[in-house]
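The block underneath contains the structure these notes are about, expressed in structure tokens.
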Amino acid sequence: MRTSFLTRSILIFLVSILFFQTAVSAGYVELNLDEGETAFTFFDLTHGEAMLVQNKQGETVLINTGHKNSREELRERLELYQADLVDKLILTGSQDEYAGNLQWVLENYDVEEIFLSEEMLKSSGPLTKRFQGKINTLEKGSQYTIMDGLQLDVLYVEENNEADKGGVVFFLQNNNKKLLFISLADIHVENELVREFDLKSTIFKVPDFASDRATSQKLLEEVDPQVAVIFRDGNEPPSSHVLERLEATWIDIYQTSRMGTVTIKCNEEDYDIITLKPSDTRDMLHAGWLHKLW
């Protein structure tokens, strides 16, 4: 049974207060992950997608790099979440919103492995040719253990649509928790996924910044997520129709443009959600408000 929205909101608020204290006292975010836990952190970039995955062993996976206009924001958030190195980098699309900071990340974070489709490998040729680590080509049906306790299952790779060519759809699975990650904006692809797979997931990364071109009612009914996360596409707002469909399906919606960075800590039994706006933290510190929480 799902926790009521009001109860979950109260819990999120209380946890967030404790979370702010930890972040401020140490100068960075300490997630305090236990054995077997995985944290999915969706960065609140002004433009584009970037998600950091971490575990207790200190392994880090970065999924997408955001738009180049958000490079400084990406740097600040990687620093805040103690990602001095990026063990693995996954790219889900070749557009600037997903891969705009690819070169910068490769030059600054000692990436050991890259995961991307064959089409994206071709389009990023000059960069990946200079890359000294391992390159993994994502294909439909391929599976990878990308860190201890976390598996990546590729469901679809776009081969025809020129605008989204090379785009990838996959599951990330930690214990019995699944995260469905879709970047493609194509109703026909969604229908194909619904026909072919059991898409039931705990967490749903909404495709294409919640544009009108994707996230059909049929897809939502099949995925039936408890949590949906929407990244920000510059000044382009999410579709009101997509938001209405999400709300009507009783899904807890987290827009990074409104909530800030969203971290979902998953263990075998449950998950916790923590939101944080670094800019708000700095403002409150300056005002001395956080000092009173001690």
* Structure fact -> A correct Karplus calculation of ³J(HN,Hα) over the stretch 168-177, with 6.51 cos²θ - 1.76 cosθ + 1.60, θ = phi - 60°, whole Hz and x for Gly and Pro, returns 10, 10, 8, 9, 10, 10, 10, 6, 9, 9
* Which order do the peptides 229-240, 154-165 take when ranked by the mean count of other beta-carbon atoms within 10 Å per residue, highest first? => 229-240, 154-165
* Asked: Where q = 0.18, 0.19 Å⁻¹, what log10 of I(q)/I(0) comes from the Debye formula for the stretch 193-263, counting one point per Cα?
  -> -0.64, -0.72
* Semi-axes, largest first, in whole Å: what does sqrt of 5 times each Cα gyration tensor eigenvalue give for the stretch 130-264? -> 23, 18, 17
* How large is the accessible surface per residue of the stretch 91-203, computed with a 1.4 Å probe and reported in Å² as a whole number? -> 45
* To do: Please list, or write none, the lysines whose alpha carbon is within less than 30 Å of the alpha carbon of LYS134, excluding same-chain residues fewer than 8 places away.
  => LYS56, LYS68, LYS88, LYS122, LYS165, LYS177, LYS178, LYS205, LYS265
* Leaving ligands, DNA and RNA out of it, report the carbon-plus-sulfur percent of the accessible area of the stretch 181-285 at a 1.4 Å probe. => 44
* Ranked packing of 197-206, 91-100, 41-50, most packed first, by mean Cβ within 10 Å -> 41-50, 91-100, 197-206
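The values are calculated or read from the model by the stated rules, or taken from the named source; none is laboratory data. Being a predicted model, the structure only gives us computed values, none of them experimental. Note: ideal-geometry Cβ built from the backbone for every residue, glycine included; neighbour counts use all protein chains shown. Note: areas computed on protein heavy atoms with side chains; ligands, DNA, RNA excluded. Shrake-Rupley method; radii C 1.70, N 1.55, O 1.52, S 1.80 Å.
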